[in-house]
Amino acid sequence: MKFPKRYAIVLLTFMCTNVCYIERVGFSIAYTVAADAVGTNQANKGVILSMFYYGYVLSQIPGGWAAQRLGGRLVLLLSFVLWSLICAVVPLDPNRVVLLVLSRLLVGVAQGLIFPSIHTVLAQWVPPQERSRSVSLTTSGMYLGAACGMLLLPSLVKNMGPQSVFSVEAMLGVAWLLIWFKFASDPPRTDLPKVASKDKIKVQTSGIVAPRTVKIPWARILFSLPIWAIVVNNFTFHYALYVLMNWLPTYFKLGLQLSLQDMGSSKMLPYLNMFLFSNIGGVLADHLITRKISSVTKTRKLLNTVGFVVSAIALMALPLFRTPSGAIFCSSVSLGFLALGRAGFAVNHMDVAPKFAGIVMGISNTAGTLAGIVGVGLTGRILEAAKASNMDLTSSESWRTVFFVPGYLCIFSSFIFLIFSTGEKIFE
(Lines give C-alpha, C1' and ligand atoms only; values in the text may rest on other atoms or scores of the structure.)
Protein backbone atom coordinates (compact mmCIF):
# COMPACT_ATOMS: atom_id res chain seq x y z
CA MET A 1 0.00 0.00 0.00
CA LYS A 2 1.29 3.43 -0.89
CA PHE A 3 2.40 5.49 2.12
CA PRO A 4 -0.22 8.25 2.42
CA LYS A 5 1.19 11.66 1.52
CA ARG A 6 -0.28 13.33 4.59
CA TYR A 7 1.71 10.98 6.84
CA ALA A 8 4.89 12.00 5.06
CA ILE A 9 4.00 15.68 5.52
CA VAL A 10 3.40 15.19 9.25
CA LEU A 11 6.70 13.30 9.60
CA LEU A 12 8.57 16.06 7.80
CA THR A 13 7.02 18.77 9.98
CA PHE A 14 8.02 16.71 13.02
CA MET A 15 11.61 16.69 11.74
CA CYS A 16 11.33 20.44 11.11
CA THR A 17 10.44 21.31 14.70
CA ASN A 18 13.08 18.88 15.93
CA VAL A 19 15.86 20.67 14.05
CA CYS A 20 14.60 24.11 15.08
CA TYR A 21 14.72 23.29 18.77
CA ILE A 22 18.16 21.73 18.50
CA GLU A 23 19.19 25.17 17.22
CA ARG A 24 17.47 27.05 20.05
CA VAL A 25 18.77 24.84 22.86
CA GLY A 26 22.16 24.68 21.19
CA PHE A 27 22.54 28.45 21.19
CA SER A 28 21.62 28.77 24.88
CA ILE A 29 24.15 26.07 25.81
CA ALA A 30 26.97 27.34 23.59
CA TYR A 31 26.41 31.02 24.41
CA THR A 32 26.21 30.34 28.16
CA VAL A 33 29.62 28.66 28.06
CA ALA A 34 31.16 31.37 25.87
CA ALA A 35 29.63 34.21 27.92
CA ASP A 36 30.68 32.75 31.27
CA ALA A 37 34.23 32.40 29.96
CA VAL A 38 34.49 36.18 29.46
CA GLY A 39 32.53 37.16 32.58
CA THR A 40 29.24 38.35 31.03
CA ASN A 41 26.71 39.18 33.78
CA GLN A 42 23.28 37.54 34.05
CA ALA A 43 21.32 40.61 32.88
CA ASN A 44 23.39 40.92 29.69
CA LYS A 45 23.08 37.19 29.08
CA GLY A 46 19.32 37.58 29.37
CA VAL A 47 19.36 40.36 26.77
CA ILE A 48 21.24 38.25 24.20
CA LEU A 49 19.15 35.15 24.90
CA SER A 50 15.93 37.15 24.46
CA MET A 51 16.98 38.77 21.15
CA PHE A 52 15.77 35.70 19.27
CA TYR A 53 12.24 36.35 20.50
CA TYR A 54 12.23 39.98 19.38
CA GLY A 55 12.84 38.77 15.84
CA TYR A 56 10.46 35.86 16.29
CA VAL A 57 7.55 38.09 17.27
CA LEU A 58 7.97 40.28 14.19
CA SER A 59 7.32 37.46 11.74
CA GLN A 60 4.47 35.51 13.34
CA ILE A 61 1.48 37.25 11.75
CA PRO A 62 3.37 38.01 8.49
CA GLY A 63 4.32 34.33 8.47
CA GLY A 64 0.67 33.27 8.67
CA TRP A 65 -0.23 35.74 5.91
CA ALA A 66 2.67 34.59 3.70
CA ALA A 67 1.76 30.92 4.19
CA GLN A 68 -1.84 31.73 3.28
CA ARG A 69 -0.79 33.55 0.10
CA LEU A 70 2.36 31.73 -1.04
CA GLY A 71 1.84 28.29 0.45
CA GLY A 72 3.43 26.82 3.58
CA ARG A 73 5.93 24.70 1.65
CA LEU A 74 7.70 27.69 0.08
CA VAL A 75 7.72 29.77 3.28
CA LEU A 76 9.28 26.90 5.24
CA LEU A 77 12.01 26.58 2.60
CA LEU A 78 12.84 30.28 2.78
CA SER A 79 12.93 30.17 6.58
CA PHE A 80 15.45 27.33 6.70
CA VAL A 81 17.67 28.91 4.04
CA LEU A 82 17.93 32.12 6.09
CA TRP A 83 18.61 30.78 9.56
CA SER A 84 20.92 27.98 8.37
CA LEU A 85 23.02 30.53 6.46
CA ILE A 86 23.32 32.73 9.57
CA CYS A 87 24.45 29.79 11.73
CA ALA A 88 27.04 28.90 9.11
CA VAL A 89 28.69 32.32 8.84
CA VAL A 90 28.28 34.15 12.19
CA PRO A 91 31.02 33.72 14.84
CA LEU A 92 29.93 33.03 18.41
CA ASP A 93 31.89 35.78 20.20
CA PRO A 94 30.21 37.28 23.31
CA ASN A 95 32.34 40.42 22.93
CA ARG A 96 30.85 41.17 19.49
CA VAL A 97 27.52 42.16 20.99
CA VAL A 98 26.08 44.03 17.99
CA LEU A 99 26.77 41.13 15.63
CA LEU A 100 25.20 38.66 18.06
CA VAL A 101 22.14 40.87 18.54
CA LEU A 102 21.58 41.23 14.79
CA SER A 103 22.15 37.54 14.08
CA ARG A 104 19.76 36.38 16.80
CA LEU A 105 17.14 38.87 15.59
CA LEU A 106 17.39 37.49 12.05
CA VAL A 107 17.31 33.87 13.21
CA GLY A 108 14.21 34.76 15.20
CA VAL A 109 12.57 36.36 12.16
CA ALA A 110 13.36 33.28 10.06
CA GLN A 111 12.09 30.77 12.61
CA GLY A 112 9.03 32.91 13.32
CA LEU A 113 7.74 31.91 9.88
CA ILE A 114 7.82 28.22 10.73
CA PHE A 115 4.85 27.47 12.99
CA PRO A 116 2.24 29.53 11.12
CA SER A 117 3.40 27.77 7.95
CA ILE A 118 3.25 24.35 9.60
CA HIS A 119 -0.31 24.94 10.80
CA THR A 120 -1.31 26.06 7.32
CA VAL A 121 0.24 22.91 5.84
CA LEU A 122 -1.38 20.61 8.41
CA ALA A 123 -4.78 22.25 7.97
CA GLN A 124 -4.48 21.49 4.25
CA TRP A 125 -3.41 17.88 4.60
CA VAL A 126 -4.81 16.45 7.87
CA PRO A 127 -8.49 15.50 8.35
CA PRO A 128 -10.26 16.60 11.57
CA GLN A 129 -10.21 13.16 13.20
CA GLU A 130 -6.39 13.03 12.97
CA ARG A 131 -5.59 16.61 13.97
CA SER A 132 -4.83 16.12 17.67
CA ARG A 133 -2.23 13.42 17.20
CA SER A 134 -0.81 15.01 14.04
CA VAL A 135 -0.28 18.38 15.70
CA SER A 136 0.98 16.69 18.86
CA LEU A 137 3.48 14.60 16.91
CA THR A 138 4.66 17.65 14.97
CA THR A 139 5.11 19.79 18.07
CA SER A 140 6.69 16.92 20.01
CA GLY A 141 9.60 17.25 17.61
CA MET A 142 10.44 20.44 19.52
CA TYR A 143 10.87 18.53 22.73
CA LEU A 144 12.79 15.63 21.22
CA GLY A 145 15.07 18.21 19.60
CA ALA A 146 15.57 19.94 22.95
CA ALA A 147 16.27 16.57 24.61
CA CYS A 148 18.83 15.64 21.95
CA GLY A 149 20.42 19.07 22.25
CA MET A 150 20.70 18.81 26.03
CA LEU A 151 22.17 15.31 25.76
CA LEU A 152 24.69 15.76 22.95
CA LEU A 153 25.63 19.41 22.61
CA PRO A 154 27.33 20.02 26.00
CA SER A 155 29.91 17.36 25.11
CA LEU A 156 30.34 18.91 21.67
CA VAL A 157 30.99 22.30 23.27
CA LYS A 158 33.44 20.78 25.75
CA ASN A 159 35.43 18.90 23.11
CA MET A 160 35.23 21.20 20.08
CA GLY A 161 34.23 24.61 21.45
CA PRO A 162 30.99 26.66 21.32
CA GLN A 163 31.37 27.56 17.63
CA SER A 164 31.06 23.90 16.64
CA VAL A 165 27.40 23.99 17.70
CA PHE A 166 26.65 26.61 15.02
CA SER A 167 28.26 24.44 12.34
CA VAL A 168 26.26 21.36 13.31
CA GLU A 169 23.02 23.36 13.40
CA ALA A 170 23.69 24.79 9.92
CA MET A 171 24.27 21.31 8.51
CA LEU A 172 21.07 19.99 10.06
CA GLY A 173 19.10 22.94 8.64
CA VAL A 174 20.44 22.39 5.13
CA ALA A 175 19.76 18.65 5.32
CA TRP A 176 16.12 19.22 6.29
CA LEU A 177 15.42 21.85 3.64
CA LEU A 178 16.79 19.54 0.92
CA ILE A 179 14.50 16.72 2.12
CA TRP A 180 11.53 19.10 2.32
CA PHE A 181 12.23 20.44 -1.17
CA LYS A 182 12.28 16.93 -2.61
CA PHE A 183 9.33 15.30 -0.83
CA ALA A 184 6.88 18.03 0.25
CA SER A 185 4.23 19.67 -1.90
CA ASP A 186 1.21 21.95 -1.58
CA PRO A 187 -2.12 20.20 -2.22
CA PRO A 188 -4.72 21.85 -4.45
CA ARG A 189 -6.18 24.75 -2.46
CA THR A 190 -9.68 23.26 -2.57
CA ASP A 191 -8.71 19.82 -1.28
CA LEU A 192 -10.43 18.66 1.89
CA PRO A 193 -8.64 15.60 3.24
CA LYS A 194 -10.95 12.84 4.30
CA VAL A 195 -9.87 9.38 5.41
CA ALA A 196 -11.20 6.76 3.04
CA SER A 197 -11.60 3.05 3.68
CA LYS A 198 -8.27 2.31 1.99
CA ASP A 199 -6.49 5.12 3.82
CA LYS A 200 -6.36 7.39 0.81
CA ILE A 201 -7.36 11.02 0.51
CA LYS A 202 -10.57 11.89 -1.26
CA VAL A 203 -11.38 15.33 -2.54
CA GLN A 204 -14.49 17.27 -1.68
CA THR A 205 -15.59 20.52 -3.20
CA SER A 206 -15.50 22.64 -0.04
CA GLY A 207 -11.96 23.66 0.87
CA ILE A 208 -10.43 23.24 4.31
CA VAL A 209 -8.04 26.11 3.64
CA ALA A 210 -9.32 29.42 2.40
CA PRO A 211 -8.42 30.33 -1.17
CA ARG A 212 -5.51 32.73 -1.43
CA THR A 213 -7.80 35.59 -2.44
CA VAL A 214 -10.32 35.16 0.39
CA LYS A 215 -10.94 38.08 2.72
CA ILE A 216 -9.55 37.40 6.19
CA PRO A 217 -12.02 38.36 8.98
CA TRP A 218 -9.43 40.21 11.05
CA ALA A 219 -11.90 42.08 13.29
CA ARG A 220 -13.90 38.97 14.19
CA ILE A 221 -10.72 37.04 14.91
CA LEU A 222 -9.22 39.77 17.10
CA PHE A 223 -12.40 40.24 19.15
CA SER A 224 -13.24 36.54 19.58
CA LEU A 225 -13.11 35.29 23.19
CA PRO A 226 -12.27 31.68 22.19
CA ILE A 227 -9.33 33.04 20.17
CA TRP A 228 -8.18 35.05 23.20
CA ALA A 229 -8.40 31.90 25.33
CA ILE A 230 -5.94 30.29 22.92
CA VAL A 231 -3.73 33.40 22.92
CA VAL A 232 -3.54 33.62 26.74
CA ASN A 233 -2.64 29.95 27.08
CA ASN A 234 -0.05 30.17 24.31
CA PHE A 235 1.57 33.08 26.17
CA THR A 236 1.72 31.12 29.43
CA PHE A 237 2.92 27.89 27.81
CA HIS A 238 5.83 29.66 26.16
CA TYR A 239 6.65 31.79 29.20
CA ALA A 240 7.18 28.61 31.24
CA LEU A 241 8.89 26.73 28.40
CA TYR A 242 11.31 29.50 27.41
CA VAL A 243 12.27 30.33 31.00
CA LEU A 244 13.11 26.69 31.65
CA MET A 245 14.78 26.18 28.29
CA ASN A 246 17.03 29.23 28.58
CA TRP A 247 17.68 29.29 32.34
CA LEU A 248 17.74 25.64 33.46
CA PRO A 249 21.43 25.37 32.45
CA THR A 250 22.16 28.40 34.65
CA TYR A 251 20.02 27.00 37.49
CA PHE A 252 21.90 23.71 37.41
CA LYS A 253 25.24 25.49 37.33
CA LEU A 254 24.64 28.29 39.87
CA GLY A 255 21.68 27.07 41.91
CA LEU A 256 22.80 23.45 42.28
CA GLN A 257 26.54 23.83 41.54
CA LEU A 258 26.31 21.19 38.83
CA SER A 259 27.63 21.32 35.27
CA LEU A 260 25.62 19.92 32.37
CA GLN A 261 28.53 17.69 31.38
CA ASP A 262 28.43 16.00 34.80
CA MET A 263 24.70 15.29 34.66
CA GLY A 264 24.88 12.61 31.99
CA SER A 265 21.66 11.62 30.24
CA SER A 266 19.44 12.87 33.08
CA LYS A 267 19.54 16.43 31.71
CA MET A 268 17.47 15.38 28.69
CA LEU A 269 14.64 13.89 30.76
CA PRO A 270 12.49 17.08 31.02
CA TYR A 271 12.38 17.41 27.22
CA LEU A 272 12.02 13.70 26.62
CA ASN A 273 9.05 13.80 28.97
CA MET A 274 7.56 16.60 26.86
CA PHE A 275 7.98 14.45 23.76
CA LEU A 276 6.17 11.53 25.39
CA PHE A 277 3.35 13.51 27.02
CA SER A 278 2.72 15.57 23.89
CA ASN A 279 2.01 12.41 21.90
CA ILE A 280 0.03 10.83 24.75
CA GLY A 281 -2.15 13.93 24.84
CA GLY A 282 -2.73 13.86 21.09
CA VAL A 283 -3.64 10.18 20.97
CA LEU A 284 -5.86 10.50 24.04
CA ALA A 285 -7.68 13.53 22.62
CA ASP A 286 -8.37 11.85 19.28
CA HIS A 287 -9.54 8.70 21.09
CA LEU A 288 -12.00 10.64 23.26
CA ILE A 289 -13.33 12.54 20.25
CA THR A 290 -13.54 9.76 17.62
CA ARG A 291 -15.10 7.26 20.08
CA LYS A 292 -17.59 9.98 21.09
CA ILE A 293 -16.60 9.58 24.73
CA SER A 294 -16.31 13.35 25.01
CA SER A 295 -17.07 16.33 22.80
CA VAL A 296 -14.27 18.31 21.18
CA THR A 297 -14.91 21.21 23.57
CA LYS A 298 -14.84 19.07 26.73
CA THR A 299 -11.75 17.18 25.54
CA ARG A 300 -9.78 20.36 24.86
CA LYS A 301 -10.76 21.86 28.23
CA LEU A 302 -9.99 18.66 30.17
CA LEU A 303 -6.49 18.14 28.80
CA ASN A 304 -5.61 21.83 28.94
CA THR A 305 -6.72 22.17 32.57
CA VAL A 306 -5.02 19.01 33.83
CA GLY A 307 -1.81 19.85 31.97
CA PHE A 308 -1.49 23.43 33.17
CA VAL A 309 -2.53 22.90 36.80
CA VAL A 310 -0.17 19.96 37.39
CA SER A 311 2.61 21.88 35.65
CA ALA A 312 2.02 24.87 37.94
CA ILE A 313 2.38 22.70 41.06
CA ALA A 314 5.63 21.20 39.82
CA LEU A 315 7.04 24.61 38.85
CA MET A 316 6.43 26.06 42.30
CA ALA A 317 7.93 22.97 43.95
CA LEU A 318 11.09 23.10 41.80
CA PRO A 319 13.20 25.54 43.90
CA LEU A 320 12.34 23.59 47.07
CA PHE A 321 14.28 20.56 45.83
CA ARG A 322 18.00 21.02 46.40
CA THR A 323 19.20 17.82 44.78
CA PRO A 324 19.79 17.19 41.04
CA SER A 325 17.29 14.31 41.04
CA GLY A 326 14.61 16.48 42.66
CA ALA A 327 15.15 19.34 40.22
CA ILE A 328 15.09 16.95 37.24
CA PHE A 329 11.90 15.33 38.56
CA CYS A 330 10.06 18.64 39.04
CA SER A 331 11.15 20.11 35.70
CA SER A 332 10.22 16.84 33.96
CA VAL A 333 6.73 16.80 35.49
CA SER A 334 6.22 20.49 34.75
CA LEU A 335 7.29 20.33 31.12
CA GLY A 336 5.59 16.97 30.54
CA PHE A 337 2.19 18.20 31.68
CA LEU A 338 2.65 21.48 29.81
CA ALA A 339 3.05 19.35 26.68
CA LEU A 340 -0.07 17.38 27.60
CA GLY A 341 -1.92 20.70 27.72
CA ARG A 342 -1.03 21.35 24.09
CA ALA A 343 -3.72 18.81 23.15
CA GLY A 344 -6.05 21.51 24.44
CA PHE A 345 -5.11 25.02 23.34
CA ALA A 346 -2.57 24.24 20.61
CA VAL A 347 -4.92 22.16 18.44
CA ASN A 348 -7.83 24.52 19.07
CA HIS A 349 -6.74 26.81 16.20
CA MET A 350 -7.90 24.20 13.72
CA ASP A 351 -11.13 23.50 15.62
CA VAL A 352 -12.39 27.08 15.63
CA ALA A 353 -10.89 28.37 12.37
CA PRO A 354 -9.64 25.56 10.08
CA LYS A 355 -9.59 27.84 7.02
CA PHE A 356 -7.51 30.44 8.83
CA ALA A 357 -5.37 28.17 10.99
CA GLY A 358 -2.10 29.81 9.92
CA ILE A 359 -3.43 33.29 10.65
CA VAL A 360 -4.77 32.36 14.08
CA MET A 361 -1.56 30.49 14.86
CA GLY A 362 0.42 33.59 13.89
CA ILE A 363 -1.60 35.75 16.29
CA SER A 364 -1.40 33.14 19.05
CA ASN A 365 2.31 32.54 18.58
CA THR A 366 2.94 36.30 18.65
CA ALA A 367 1.72 36.20 22.25
CA GLY A 368 3.88 33.15 22.89
CA THR A 369 6.90 34.97 21.54
CA LEU A 370 6.20 38.04 23.66
CA ALA A 371 6.30 35.63 26.58
CA GLY A 372 9.81 34.69 25.55
CA ILE A 373 10.87 38.33 25.40
CA VAL A 374 9.31 39.09 28.78
CA GLY A 375 10.17 35.85 30.57
CA VAL A 376 13.76 35.34 29.48
CA GLY A 377 14.75 38.98 29.98
CA LEU A 378 12.82 39.34 33.24
CA THR A 379 14.47 36.24 34.68
CA GLY A 380 17.91 37.75 34.14
CA ARG A 381 16.81 40.92 35.94
CA ILE A 382 15.28 38.91 38.81
CA LEU A 383 18.59 37.13 39.36
CA GLU A 384 20.61 40.34 39.14
CA ALA A 385 18.23 41.93 41.66
CA ALA A 386 18.75 38.95 43.95
CA LYS A 387 22.52 39.41 43.72
CA ALA A 388 22.16 43.15 44.38
CA SER A 389 20.23 42.27 47.55
CA ASN A 390 23.18 40.12 48.63
CA MET A 391 21.25 36.91 48.04
CA ASP A 392 23.31 33.87 47.12
CA LEU A 393 22.28 32.39 43.75
CA THR A 394 22.89 28.95 45.23
CA SER A 395 19.93 29.49 47.61
CA SER A 396 16.35 28.48 46.81
CA GLU A 397 15.05 31.93 47.81
CA SER A 398 16.87 33.63 44.93
CA TRP A 399 15.19 31.30 42.42
CA ARG A 400 11.71 31.14 43.95
CA THR A 401 10.30 34.12 42.02
CA VAL A 402 11.77 32.75 38.77
CA PHE A 403 9.59 29.61 39.01
CA PHE A 404 6.59 30.98 40.90
CA VAL A 405 5.71 33.52 38.18
CA PRO A 406 5.09 30.90 35.44
CA GLY A 407 3.36 28.69 38.03
CA TYR A 408 0.79 31.37 38.83
CA LEU A 409 0.36 32.12 35.13
CA CYS A 410 -0.43 28.46 34.43
CA ILE A 411 -3.24 28.44 37.00
CA PHE A 412 -4.70 31.71 35.70
CA SER A 413 -4.56 30.60 32.06
CA SER A 414 -6.19 27.25 32.76
CA PHE A 415 -9.24 29.06 34.17
CA ILE A 416 -9.39 31.39 31.16
CA PHE A 417 -9.43 28.40 28.78
CA LEU A 418 -11.96 26.56 30.91
CA ILE A 419 -14.38 29.50 30.76
CA PHE A 420 -14.00 30.91 27.23
CA SER A 421 -12.77 28.17 24.88
CA THR A 422 -14.83 26.07 22.48
CA GLY A 423 -14.18 23.15 20.17
CA GLU A 424 -16.78 24.27 17.63
CA LYS A 425 -15.98 25.92 14.32
CA ILE A 426 -16.74 29.64 14.62
CA PHE A 427 -15.07 30.92 11.42
CA GLU A 428 -16.35 29.58 8.11
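The values are calculated or read from the model by the stated rules, or taken from the named source; none is laboratory data. Since this is a predicted model, take the numbers as computed values, not measurements. A quick note on method: Cβ atoms are made from the backbone with ideal geometry, for glycine too, and the neighbour counts reach across all protein chains shown. Heavy atoms of the whole protein, side chains included, go into the accessibility calculation; ligands, DNA and RNA do not. Shrake-Rupley method; radii C 1.70, N 1.55, O 1.52, S 1.80 Å.
Of 215/292; 182/292; 5/425; 182/425; 5/355; 298/355, which ones are farther than 30 Å apart at the Cα? Each step should come with its number before you reach the end.
Numbers: 215/292 34 Å; 182/292 39 Å; 5/425 26 Å; 182/425 34 Å; 5/355 20 Å; 298/355 22 Å.
215/292; 182/292; 182/425, as the Cα separations exceed 30 Å there.
Given the options 395, 278, 140, which has the most mean-square fluctuation in a GNM of the chain, springs set between C-alpha atoms less than 10 angstrom apart?
395
So what does residue 69 come to for accessible area, using a 1.4 Å probe and Å² rounded to 10?
For residue 69, solvent-accessible area is about 70 Å².
For a quick check of understanding: with a 1.4 angstrom probe and all protein chains in place, what accessible area in square angstrom does residue 287 have, to the nearest ten?
Accessible area, nearest 10 Å²: 80 Å².
How long, wide and thick is the range 1-185, going by the Cα atoms along their three principal axes, in whole angstroms, largest first?
Result, largest extent first: 56, 32, 26 Å.
What residue among 126, 97, 283 has the largest mean-square fluctuation in a Gaussian network model of the chain, using Cα springs under 10 Å?
Between 126, 97, 283, it is 97 that shows the largest mean-square fluctuation.
Over the chain, average the accessible area per residue using a 1.4 Å probe and give it in Å², no decimals.
38
Distance from the Cα centre of the range 35-73 to that of the range 393-418, in angstrom?
23
When the chain is fully extended, how far beyond the present Cα-Cα distance does residue 85 get from residue 418, taking 0.36 nm per residue of separation?
115.6 nm is the gain from fully extending residue 85 to residue 418.
Which one of 345, 337, 252 has the biggest mean-square fluctuation once the chain is modelled by GNM with Cα springs under 10 Å?
Sorting by GNM fluctuation, first place goes to 252.
Hey, quick one: spin label on residue 178, modelled 7 Å out along Cα-Cβ, who in the range 137-168 has an amide N within reach, i.e. under 19 Å?
Flagged as within label range: 166-168.
To the nearest 0.05, what FRET efficiency results for residue 44 and residue 389 with a Förster distance of 22 Å applied to their C-beta separation?
E between residue 44 and residue 389, to the nearest 0.05, is 0.70.
How much mean residue ellipticity at 222 nm does the chain get from its helices, if each DSSP H run of length 4 or more adds -39500 (n - 2.57) and you divide by all residues, to the nearest 500 deg cm²/dmol? Let's see the in-between values first.
Values: 16 runs with 317 residues, N = 428.
Taken over the chain, the calculation gives -25500 deg cm²/dmol.
Volume per residue, Å³, of the convex hull around the alpha-carbon atoms of the chain?
Here the figure is 131 Å³ per residue.
Sort 71-77, 90-96 by packing, meaning the average of other beta carbons within 10 Å per residue, with the highest value first.
By packing density, highest mean first, the sequence is 71-77, 90-96.
When the accessible area of the chain is split by element with a 1.4 Å probe, what percent falls to carbon and sulfur?
69
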